[in-house]
Amino acid sequence: MRWVTLASLIAMSIAVQQPSRPRARDLGIAPGALTPGPLNAITDVKDVRVGHTTIKDGDNVRTGVTAILPHGGNLFQDKVAGAVFVGNAFGKLAGSTQVQELGTIETPIVLTNTLSVGTAMDAVVRWTTAQAGNENVRSVNALVGETNDGTLNDIRGQHVTREHVIAAITSAKTGPVEEGAVGAGTGTVAFGWKGGIGTSARTVSIGPASNDTWTVGVLVQSNYGGKLVIDGVPVWKELSPARGRGGADLSPVPRSAEGDGSCMIVVATNAPLDAKALQRLAARAIFALARTGSTYSNGSGDFAIAFSTHPSQRVTNAAAPQTRIVLPTDSVSVLFEAVLDATEEAVDNSLLAATDVTSGGRTIQAIPIDPLRALLKKFGRGTP
(Lines give C-alpha, C1' and ligand atoms only; values in the text may rest on other atoms or scores of the structure.)
Protein backbone atom coordinates (compact mmCIF):
# COMPACT_ATOMS: atom_id res chain seq x y z
CA MET A 1 0.00 0.00 0.00
CA ARG A 2 1.41 3.41 -0.99
CA TRP A 3 0.82 6.08 1.65
CA VAL A 4 1.14 9.84 1.15
CA THR A 5 1.46 12.61 3.70
CA LEU A 6 -1.32 15.13 4.10
CA ALA A 7 1.01 17.87 2.83
CA SER A 8 1.87 16.00 -0.37
CA LEU A 9 -1.79 15.08 -0.92
CA ILE A 10 -2.79 18.72 -0.71
CA ALA A 11 0.08 19.72 -3.01
CA MET A 12 -0.92 17.16 -5.63
CA SER A 13 -4.60 18.13 -5.40
CA ILE A 14 -4.07 21.78 -6.29
CA ALA A 15 -3.74 22.54 -9.99
CA VAL A 16 -1.13 25.01 -11.17
CA GLN A 17 -2.67 28.41 -11.84
CA GLN A 18 -3.53 28.62 -15.55
CA PRO A 19 -4.79 31.50 -17.70
CA SER A 20 -8.56 31.77 -17.68
CA ARG A 21 -10.24 30.03 -20.62
CA PRO A 22 -13.80 30.47 -21.86
CA ARG A 23 -16.72 28.11 -21.60
CA ALA A 24 -18.75 27.31 -24.70
CA ARG A 25 -21.33 30.02 -24.13
CA ASP A 26 -18.61 32.64 -23.82
CA LEU A 27 -17.91 31.91 -27.50
CA GLY A 28 -21.58 31.89 -28.47
CA ILE A 29 -21.73 28.09 -28.59
CA ALA A 30 -25.15 27.12 -27.20
CA PRO A 31 -26.41 23.75 -28.44
CA GLY A 32 -30.17 23.41 -28.73
CA ALA A 33 -33.06 25.67 -27.80
CA LEU A 34 -33.58 24.72 -24.16
CA THR A 35 -32.65 26.90 -21.18
CA PRO A 36 -29.38 26.11 -19.37
CA GLY A 37 -29.33 25.78 -15.60
CA PRO A 38 -28.13 28.74 -13.50
CA LEU A 39 -24.65 27.20 -13.22
CA ASN A 40 -24.91 25.27 -16.48
CA ALA A 41 -23.49 22.32 -14.56
CA ILE A 42 -24.51 18.92 -13.23
CA THR A 43 -24.80 20.58 -9.83
CA ASP A 44 -27.85 22.49 -11.08
CA VAL A 45 -29.63 19.30 -10.02
CA LYS A 46 -30.27 20.09 -6.38
CA ASP A 47 -27.92 18.48 -3.83
CA VAL A 48 -25.68 16.81 -6.44
CA ARG A 49 -22.03 17.25 -5.44
CA VAL A 50 -18.75 16.98 -7.37
CA GLY A 51 -15.22 16.67 -6.02
CA HIS A 52 -11.81 16.34 -7.67
CA THR A 53 -8.35 15.15 -6.70
CA THR A 54 -5.77 16.27 -9.26
CA ILE A 55 -2.44 14.43 -9.20
CA LYS A 56 0.56 16.05 -10.89
CA ASP A 57 3.84 14.64 -9.69
CA GLY A 58 7.30 14.77 -11.26
CA ASP A 59 7.75 14.58 -15.01
CA ASN A 60 5.17 11.97 -15.95
CA VAL A 61 2.33 11.60 -13.43
CA ARG A 62 -0.79 13.38 -14.71
CA THR A 63 -3.93 11.71 -13.43
CA GLY A 64 -6.66 12.05 -10.83
CA VAL A 65 -10.07 11.23 -9.47
CA THR A 66 -13.51 12.82 -9.86
CA ALA A 67 -16.38 11.89 -7.54
CA ILE A 68 -20.07 12.60 -8.14
CA LEU A 69 -22.44 12.24 -5.18
CA PRO A 70 -26.17 12.11 -6.00
CA HIS A 71 -26.96 13.67 -2.63
CA GLY A 72 -25.27 14.62 0.62
CA GLY A 73 -26.83 11.98 2.84
CA ASN A 74 -26.11 8.30 3.39
CA LEU A 75 -26.23 6.95 -0.16
CA PHE A 76 -26.29 3.33 0.94
CA GLN A 77 -29.30 3.82 3.21
CA ASP A 78 -31.04 6.20 0.80
CA LYS A 79 -30.27 4.80 -2.65
CA VAL A 80 -31.16 6.66 -5.84
CA ALA A 81 -32.73 5.18 -8.95
CA GLY A 82 -30.01 4.57 -11.51
CA ALA A 83 -29.14 2.96 -14.81
CA VAL A 84 -26.23 2.34 -17.16
CA PHE A 85 -26.09 2.43 -20.94
CA VAL A 86 -23.13 0.93 -22.79
CA GLY A 87 -22.26 2.37 -26.19
CA ASN A 88 -19.07 0.34 -26.59
CA ALA A 89 -17.94 -1.94 -23.78
CA PHE A 90 -14.18 -1.64 -24.29
CA GLY A 91 -13.77 -0.38 -20.74
CA LYS A 92 -14.11 -1.13 -17.07
CA LEU A 93 -17.29 0.24 -15.50
CA ALA A 94 -17.10 -1.62 -12.20
CA GLY A 95 -20.41 -2.13 -10.40
CA SER A 96 -22.54 -1.74 -13.52
CA THR A 97 -24.10 -5.21 -13.45
CA GLN A 98 -25.80 -4.66 -10.09
CA VAL A 99 -27.04 -1.24 -11.21
CA GLN A 100 -28.55 -2.89 -14.29
CA GLU A 101 -30.11 -5.65 -12.18
CA LEU A 102 -31.52 -3.61 -9.27
CA GLY A 103 -31.90 -0.17 -10.81
CA THR A 104 -30.26 1.63 -7.90
CA ILE A 105 -27.01 3.43 -7.09
CA GLU A 106 -25.79 3.19 -3.49
CA THR A 107 -22.34 4.83 -3.47
CA PRO A 108 -20.58 7.87 -4.89
CA ILE A 109 -19.83 7.54 -8.60
CA VAL A 110 -16.06 7.69 -9.03
CA LEU A 111 -14.11 8.31 -12.25
CA THR A 112 -10.37 7.70 -12.58
CA ASN A 113 -7.84 6.03 -14.90
CA THR A 114 -8.05 2.47 -16.21
CA LEU A 115 -5.50 0.81 -13.93
CA SER A 116 -6.78 2.57 -10.80
CA VAL A 117 -10.31 1.12 -10.87
CA GLY A 118 -9.41 -1.50 -8.24
CA THR A 119 -7.95 1.09 -5.90
CA ALA A 120 -10.99 3.30 -6.35
CA MET A 121 -13.38 0.42 -5.59
CA ASP A 122 -11.47 -0.39 -2.42
CA ALA A 123 -11.65 3.26 -1.33
CA VAL A 124 -15.37 3.60 -2.08
CA VAL A 125 -16.19 0.43 -0.16
CA ARG A 126 -14.14 1.55 2.83
CA TRP A 127 -15.64 5.03 2.79
CA THR A 128 -19.17 3.64 2.54
CA THR A 129 -18.82 1.11 5.35
CA ALA A 130 -17.33 3.83 7.57
CA GLN A 131 -20.44 6.03 7.33
CA ALA A 132 -22.68 6.27 10.39
CA GLY A 133 -25.56 3.81 10.06
CA ASN A 134 -23.59 1.38 7.91
CA GLU A 135 -21.95 -0.54 10.76
CA ASN A 136 -23.65 -3.80 9.76
CA VAL A 137 -23.29 -3.45 5.99
CA ARG A 138 -21.64 -6.51 4.43
CA SER A 139 -22.12 -5.84 0.72
CA VAL A 140 -21.35 -2.59 -1.14
CA ASN A 141 -21.70 -2.02 -4.88
CA ALA A 142 -19.03 0.58 -5.63
CA LEU A 143 -19.63 2.26 -9.01
CA VAL A 144 -16.32 3.21 -10.67
CA GLY A 145 -15.69 4.27 -14.26
CA GLU A 146 -12.48 5.00 -16.13
CA THR A 147 -10.70 6.20 -19.21
CA ASN A 148 -7.12 5.43 -20.18
CA ASP A 149 -4.87 8.45 -19.63
CA GLY A 150 -1.65 6.62 -20.54
CA THR A 151 -0.69 9.11 -23.24
CA LEU A 152 0.12 11.72 -20.58
CA ASN A 153 0.29 9.65 -17.43
CA ASP A 154 2.54 6.90 -16.10
CA ILE A 155 -0.54 4.72 -15.85
CA ARG A 156 1.43 1.56 -15.09
CA GLY A 157 2.77 3.21 -11.97
CA GLN A 158 -0.75 3.16 -10.43
CA HIS A 159 -0.22 6.45 -8.63
CA VAL A 160 -3.83 6.88 -7.49
CA THR A 161 -4.15 5.90 -3.84
CA ARG A 162 -7.05 5.19 -1.54
CA GLU A 163 -6.46 8.59 0.05
CA HIS A 164 -6.79 10.36 -3.30
CA VAL A 165 -10.17 8.74 -3.91
CA ILE A 166 -11.50 9.50 -0.44
CA ALA A 167 -10.25 13.09 -0.77
CA ALA A 168 -12.32 13.52 -3.94
CA ILE A 169 -15.40 12.12 -2.22
CA THR A 170 -15.06 14.17 0.96
CA SER A 171 -14.31 17.38 -0.94
CA ALA A 172 -17.38 17.02 -3.17
CA LYS A 173 -19.62 20.06 -3.00
CA THR A 174 -22.55 21.78 -4.64
CA GLY A 175 -22.01 24.90 -6.73
CA PRO A 176 -19.73 25.57 -9.71
CA VAL A 177 -17.76 22.60 -11.05
CA GLU A 178 -14.10 22.94 -12.01
CA GLU A 179 -13.56 21.83 -15.61
CA GLY A 180 -10.72 20.92 -17.94
CA ALA A 181 -7.49 19.21 -16.91
CA VAL A 182 -8.60 18.43 -13.37
CA GLY A 183 -9.50 15.31 -11.42
CA ALA A 184 -10.10 12.32 -13.66
CA GLY A 185 -9.56 14.59 -16.67
CA THR A 186 -6.01 15.58 -15.75
CA GLY A 187 -4.35 13.30 -18.30
CA THR A 188 -7.07 12.72 -20.89
CA VAL A 189 -6.90 13.48 -24.62
CA ALA A 190 -9.89 14.11 -26.91
CA PHE A 191 -9.69 14.41 -30.71
CA GLY A 192 -5.94 14.84 -30.30
CA TRP A 193 -6.45 17.95 -28.15
CA LYS A 194 -6.28 18.10 -24.38
CA GLY A 195 -9.56 16.76 -23.04
CA GLY A 196 -10.84 16.64 -19.49
CA ILE A 197 -13.87 17.22 -17.32
CA GLY A 198 -16.80 19.19 -18.72
CA THR A 199 -20.33 19.82 -17.55
CA SER A 200 -23.60 21.42 -18.65
CA ALA A 201 -27.31 21.38 -17.73
CA ARG A 202 -30.77 22.15 -19.07
CA THR A 203 -34.08 22.97 -17.39
CA VAL A 204 -37.36 21.87 -18.95
CA SER A 205 -41.05 22.29 -18.22
CA ILE A 206 -43.45 19.39 -18.55
CA GLY A 207 -47.19 19.19 -18.09
CA PRO A 208 -50.39 20.68 -19.52
CA ALA A 209 -49.68 24.04 -17.88
CA SER A 210 -45.89 23.56 -17.85
CA ASN A 211 -46.04 23.72 -14.07
CA ASP A 212 -43.45 21.01 -13.49
CA THR A 213 -39.87 22.09 -14.07
CA TRP A 214 -37.07 19.55 -14.12
CA THR A 215 -33.32 19.75 -14.56
CA VAL A 216 -30.97 17.45 -16.48
CA GLY A 217 -27.26 17.84 -15.73
CA VAL A 218 -24.31 16.11 -17.42
CA LEU A 219 -20.65 15.63 -16.54
CA VAL A 220 -18.18 14.08 -18.99
CA GLN A 221 -14.65 12.71 -18.77
CA SER A 222 -13.60 13.21 -22.41
CA ASN A 223 -10.84 10.93 -23.71
CA TYR A 224 -12.07 9.80 -27.10
CA GLY A 225 -11.54 10.57 -30.76
CA GLY A 226 -12.99 11.00 -34.22
CA LYS A 227 -13.50 14.09 -36.36
CA LEU A 228 -14.10 17.05 -34.07
CA VAL A 229 -17.29 19.02 -34.67
CA ILE A 230 -18.25 22.03 -32.53
CA ASP A 231 -21.65 23.68 -32.94
CA GLY A 232 -22.01 21.92 -36.29
CA VAL A 233 -18.70 23.30 -37.57
CA PRO A 234 -16.27 20.65 -38.96
CA VAL A 235 -13.33 21.81 -36.85
CA TRP A 236 -11.31 18.78 -37.91
CA LYS A 237 -11.10 20.00 -41.50
CA GLU A 238 -9.38 23.29 -40.72
CA LEU A 239 -7.99 23.12 -37.20
CA SER A 240 -5.98 20.14 -35.99
CA PRO A 241 -3.58 19.65 -33.07
CA ALA A 242 -0.55 21.69 -34.11
CA ARG A 243 2.94 20.29 -34.06
CA GLY A 244 4.92 23.26 -32.90
CA ARG A 245 2.45 26.09 -32.30
CA GLY A 246 4.38 29.17 -31.28
CA GLY A 247 7.68 27.52 -32.15
CA ALA A 248 7.44 24.91 -29.40
CA ASP A 249 8.95 21.48 -30.00
CA LEU A 250 5.90 19.31 -29.51
CA SER A 251 5.79 15.55 -29.94
CA PRO A 252 3.18 14.29 -32.42
CA VAL A 253 -0.04 13.06 -30.90
CA PRO A 254 -0.06 9.25 -31.04
CA ARG A 255 -2.55 7.80 -33.48
CA SER A 256 -4.24 5.98 -30.60
CA ALA A 257 -4.87 9.30 -28.87
CA GLU A 258 -6.64 10.64 -31.96
CA GLY A 259 -9.03 7.72 -32.47
CA ASP A 260 -9.27 5.49 -29.45
CA GLY A 261 -9.71 6.34 -25.78
CA SER A 262 -13.02 6.40 -23.95
CA CYS A 263 -15.74 8.69 -22.69
CA MET A 264 -17.49 8.43 -19.34
CA ILE A 265 -20.74 10.36 -18.99
CA VAL A 266 -22.71 10.92 -15.79
CA VAL A 267 -26.29 12.19 -16.12
CA ALA A 268 -28.26 13.55 -13.18
CA THR A 269 -31.89 14.63 -13.06
CA ASN A 270 -34.46 15.53 -10.44
CA ALA A 271 -37.27 14.31 -12.68
CA PRO A 272 -39.18 11.28 -11.33
CA LEU A 273 -37.72 8.66 -13.67
CA ASP A 274 -37.48 4.98 -12.86
CA ALA A 275 -34.54 2.79 -13.85
CA LYS A 276 -35.94 1.96 -17.30
CA ALA A 277 -36.51 5.60 -18.18
CA LEU A 278 -33.06 6.46 -16.84
CA GLN A 279 -31.49 3.85 -19.10
CA ARG A 280 -33.20 5.50 -22.06
CA LEU A 281 -31.92 8.89 -20.86
CA ALA A 282 -28.38 7.50 -20.57
CA ALA A 283 -28.60 6.12 -24.09
CA ARG A 284 -29.26 9.60 -25.47
CA ALA A 285 -26.11 10.84 -23.74
CA ILE A 286 -24.09 8.29 -25.71
CA PHE A 287 -25.95 9.24 -28.90
CA ALA A 288 -24.96 12.88 -28.32
CA LEU A 289 -21.29 12.06 -28.82
CA ALA A 290 -22.04 11.72 -32.54
CA ARG A 291 -22.80 15.45 -32.61
CA THR A 292 -19.21 16.10 -31.49
CA GLY A 293 -17.73 13.90 -34.21
CA SER A 294 -17.12 10.70 -32.28
CA THR A 295 -16.37 7.70 -34.46
CA TYR A 296 -17.08 5.26 -31.61
CA SER A 297 -13.87 3.40 -32.41
CA ASN A 298 -13.03 -0.15 -31.41
CA GLY A 299 -10.91 0.96 -28.47
CA SER A 300 -13.24 3.65 -27.17
CA GLY A 301 -15.16 2.58 -24.07
CA ASP A 302 -18.30 4.71 -24.15
CA PHE A 303 -20.46 4.48 -21.03
CA ALA A 304 -23.24 6.59 -19.52
CA ILE A 305 -24.56 6.43 -15.97
CA ALA A 306 -27.86 8.15 -15.16
CA PHE A 307 -29.62 8.69 -11.85
CA SER A 308 -32.67 10.49 -10.47
CA THR A 309 -32.62 12.39 -7.18
CA HIS A 310 -36.42 12.57 -6.97
CA PRO A 311 -37.47 11.62 -3.40
CA SER A 312 -40.15 9.19 -4.53
CA GLN A 313 -37.58 7.19 -6.50
CA ARG A 314 -35.29 6.68 -3.51
CA VAL A 315 -34.90 3.12 -2.21
CA THR A 316 -34.38 2.54 1.48
CA ASN A 317 -33.61 -0.69 3.28
CA ALA A 318 -37.10 -0.84 4.78
CA ALA A 319 -39.25 -3.85 3.83
CA ALA A 320 -42.53 -1.94 3.55
CA PRO A 321 -43.98 -0.96 0.15
CA GLN A 322 -43.05 2.52 -1.10
CA THR A 323 -45.19 4.97 -3.07
CA ARG A 324 -43.71 6.05 -6.38
CA ILE A 325 -44.23 9.05 -8.65
CA VAL A 326 -43.16 8.25 -12.21
CA LEU A 327 -43.13 10.55 -15.21
CA PRO A 328 -45.16 8.96 -18.05
CA THR A 329 -43.15 7.75 -21.02
CA ASP A 330 -45.02 10.15 -23.32
CA SER A 331 -43.52 13.04 -21.35
CA VAL A 332 -39.83 12.15 -21.47
CA SER A 333 -38.93 13.30 -24.99
CA VAL A 334 -38.02 16.79 -23.83
CA LEU A 335 -35.67 15.24 -21.26
CA PHE A 336 -34.03 13.29 -24.09
CA GLU A 337 -33.57 16.57 -25.95
CA ALA A 338 -32.10 18.12 -22.81
CA VAL A 339 -29.52 15.39 -22.32
CA LEU A 340 -28.48 15.51 -25.98
CA ASP A 341 -27.83 19.25 -25.78
CA ALA A 342 -26.19 19.15 -22.34
CA THR A 343 -23.86 16.30 -23.29
CA GLU A 344 -22.73 18.08 -26.44
CA GLU A 345 -22.02 21.26 -24.51
CA ALA A 346 -20.29 19.37 -21.68
CA VAL A 347 -17.84 17.91 -24.21
CA ASP A 348 -17.25 21.38 -25.66
CA ASN A 349 -16.58 22.72 -22.17
CA SER A 350 -14.15 19.89 -21.41
CA LEU A 351 -12.07 20.89 -24.43
CA LEU A 352 -12.33 24.65 -23.97
CA ALA A 353 -11.48 24.63 -20.26
CA ALA A 354 -8.47 22.35 -20.71
CA THR A 355 -4.94 23.74 -20.79
CA ASP A 356 -1.73 22.44 -22.40
CA VAL A 357 -0.28 19.53 -20.46
CA THR A 358 3.30 18.27 -20.75
CA SER A 359 4.36 14.87 -19.47
CA GLY A 360 7.30 12.64 -20.25
CA GLY A 361 8.61 15.08 -22.87
CA ARG A 362 5.28 15.21 -24.76
CA THR A 363 2.89 18.15 -24.80
CA ILE A 364 -0.78 17.77 -25.64
CA GLN A 365 -2.19 21.15 -26.55
CA ALA A 366 -5.48 22.66 -25.53
CA ILE A 367 -7.58 23.73 -28.48
CA PRO A 368 -6.52 27.33 -29.33
CA ILE A 369 -9.29 29.81 -28.65
CA ASP A 370 -8.59 32.57 -31.20
CA PRO A 371 -8.32 30.25 -34.24
CA LEU A 372 -11.45 28.44 -33.08
CA ARG A 373 -13.31 31.72 -32.69
CA ALA A 374 -12.28 32.71 -36.22
CA LEU A 375 -13.38 29.33 -37.60
CA LEU A 376 -16.77 29.60 -35.92
CA LYS A 377 -17.19 33.08 -37.39
CA LYS A 378 -16.32 31.77 -40.85
CA PHE A 379 -19.27 29.36 -40.60
CA GLY A 380 -21.61 31.99 -39.18
CA ARG A 381 -21.48 30.58 -35.66
CA GLY A 382 -20.31 31.83 -32.32
CA THR A 383 -20.31 35.34 -30.87
CA PRO A 384 -20.74 38.07 -33.50
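For the chain, a crude dipole built from +1 on the beta carbon of Lys and Arg and -1 on the beta carbon of Asp and Glu, taken about the Cα centre, is about 320 debye to the nearest 20. Note that the chain presents 40 Å² accessible area per residue, ligands and nucleic acids not counted, probe 1.4 Å. Using 0.36 nm per residue and subtracting the Cα-Cα separation, the extra length available between Ala132 and Asp47 on full extension is 28.7 nm.
Shape class of the range 33-186 from the Cα gyration tensor (axes a ≥ b ≥ c, square roots of the eigenvalues): rounded, since a/c falls below 1.5. Where Lys and Arg each count +1 and Asp and Glu each count -1, what net charge lies around Asp154 among other residues with Cβ under 11 Å from its Cβ? Neighbourhood net charge equals -1. With the whole protein complex present, Leu115 retains an accessible surface near 80 Å², based on a 1.4 Å probe. Protein heavy-atom surface of the range 27-106, 1.4 angstrom probe: 49% of the accessible area is carbon and sulfur, with nucleic acids and ligands not counted.
Specify whether the C-alpha gyration tensor of the chain places it in the rounded, prolate or oblate class, a ≥ b ≥ c being the square roots of the eigenvalues: rounded for a/c under 1.5, otherwise prolate if a/b is larger than b/c and oblate if not. Oblate. Please work out whether the range 113-242 counts as rounded, prolate or oblate from its C-alpha gyration tensor, where a ≥ b ≥ c are the square roots of the eigenvalues and a/c under 1.5 means rounded, while otherwise a/b larger than b/c means prolate and anything else oblate? Here the range 113-242 falls in the oblate category. Couplings 3J(HN,Hα) for the range 341-348, derived from phi with the Karplus relation 6.51 cos²θ - 1.76 cosθ + 1.60 (θ = phi - 60°), are 5, 5, 5, 4, 5, 4, 5, 4 Hz, where x marks Gly and Pro.
For Gln322, what charge total do you get from the other residues with a beta carbon under 13 Å from its beta carbon, if Lys and Arg give +1 and Asp and Glu give -1? Once positives and negatives cancel, what remains is +1.
I need the peptides 133-146, 80-93, 262-275 ranked by packing, meaning the mean over residues of other C-beta atoms within 10 angstrom, with the highest value on top.
Listed from highest to lowest mean packing, they are 262-275, 80-93, 133-146.
With a 1.4 Å probe and all protein chains left in place, how much of the accessible area of the range 305-384 comes from carbon and sulfur atoms, in whole percent? Answer for the range 305-384: carbon and sulfur cover 56 percent of the accessible area.
The lysines within cross-link reach of Lys377, meaning a Cα-to-Cα straight distance under 27 Å and a gap of 8 or more places when in the same chain, are Lys194, Lys227, Lys237. Here the range 256-384 is described by how far its Cα atoms reach on the three principal axes: 59, 40, 25 Å, from widest to narrowest.
The values are calculated or read from the model by the stated rules, or taken from the named source; none is laboratory data. Everything quoted here is computed from the prediction, not taken from an experiment. All Cβ positions, glycine included, derive from the backbone under ideal geometry; neighbour counts span all protein chains shown. Side chains are part of the model used for accessible areas, which takes the heavy atoms of the whole protein and leaves out ligands, DNA and RNA. Shrake-Rupley method; radii C 1.70, N 1.55, O 1.52, S 1.80 Å.
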